[in-house]
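Report on the structure given below.
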Amino acid sequence: MAPTPTNPVEATLAYAEEFHDEDEVLQAARRRGIEVGAVPILPGGGAALCFMATAISARSVVEIGTGCGVSGLWLLRGMRLDGTLTSVDVEPEHQRMARQAFAEAGFSGSKIRLIGGRALDVLPRLADGGYDLVFCDAAKQEYGDYLAEAVRLLRPGGIVAFDNALWHNRVADPSQRDPETVAIRELGKLIKGDERLRALMMPLGDGLLAAIKIAN
Ligand SMILES: C[S@@+](CC[C@H](N)C(=O)[O-])C[C@H]1O[C@@H](n2cnc3c(N)ncnc32)[C@H](O)[C@@H]1O
């Protein structure tokens, strides 16, 4: 159990995070993800994904970084019943555990297309403008490349979202110059400077940066 925060800002953030409950299926997927080092999205970020998928009636969703299925479960629970989740991961063992989580939650295999491979090899094979939502949570140093692919994949009105947009409180600290932090900061600049996108930074979990594609 996490220690009770004493600082009021930390207490407020903890309250916001714990506002969203996870059922036993999500908790089990989260445990497996932590065990194998596929760090799952936190509940606040997961709830935001579910909210966005619901808001736009998402039918076709791409996920980059399946892990053990936590974000996939949140997405599937917000998507239309006839929707399909296409999820890419380089680790077959992670995808095996994700498939287990989806089955435990009652999602049929026909709703889920798991593709094994490196994201930047797989994404170019997916159709232009064919997707409602793209969620990115794999290699942080590739986030700029995922953005370019996501903008190509999304229909107008579609949403791209990135987990770890605040990367363990490092992104806001200019003295932090490790490659992941720098790449995530660059991603923020790319999104803010792109006139095709309308952005929203959400300080949920480890940070969720989302943008709607408003023009081609
Ligand atoms: C942070 S975990 C994903 C967690 C998952 N989104 C969740 O919430 O449960 C990152 C995943 O990305 C995968 N990964 C890392 N680099 C990758 C790459 N270049 N292409 C595809 N998958 C990659 C890892 O194997 C890992 O399963």
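Quick note: the coordinates plus some simple rules give every number you see, no bench work behind them. These numbers come from a predicted model, not from an experiment. All Cβ positions, even for glycine, are placed from backbone atoms using ideal geometry, and neighbour counts span all protein chains on display.
Among residues of the range 1-41 being assigned to a loop (DSSP other than H, G, I, E, B) and polar (S, T, N, Q), the one that is nearest to the ligand (Cβ to nearest atom) is 4. The selection criterion, being at positive phi and either crowded, with 19+ Cβ neighbours inside 10 Å or in contact with a strand residue (DSSP E or B) (Cβ under 7 Å, 6 or more places away or on another chain) (or both), holds for residue 129.
Please list, ordered by first then second residue, the pairs with beta carbon atoms under 6 Å, 6 or more apart or interchain, first in the range 185-210 and closer than 22 Å to residue 46 by Cβ, second surrounded by 15 or more Cβ atoms within 10 Å (Cβ to Cβ) and of a type in the set (Phe, Trp, Tyr). Filtered contacts from the range 185-210: 187/143; 209/162. Residues in the range 1-36 that are of a type outside the set (A, V, I, L, M, F, W, C) and exposed (fewer than 10 other Cβ atoms within 10 Å of the Cβ): 3, 4, 6, 7, 8, 21, 24.
In the range 73-173, counting only helices (runs of 4 or more DSSP H) that sit wholly within it, the ones holding 2 or more residues that are more than 17 Å from residue 211 (Cα to Cα) and touching a Gly at 6+ places or on another chain (Cβ under 7 Å) span 92-104. With respect to the conditions (1) surrounded by fewer than 18 Cβ atoms within 10 Å (Cβ to Cβ); (2) touching a Gly at 6+ places or on another chain (Cβ under 8 Å), residue 204 falls short on a single one, namely (1).
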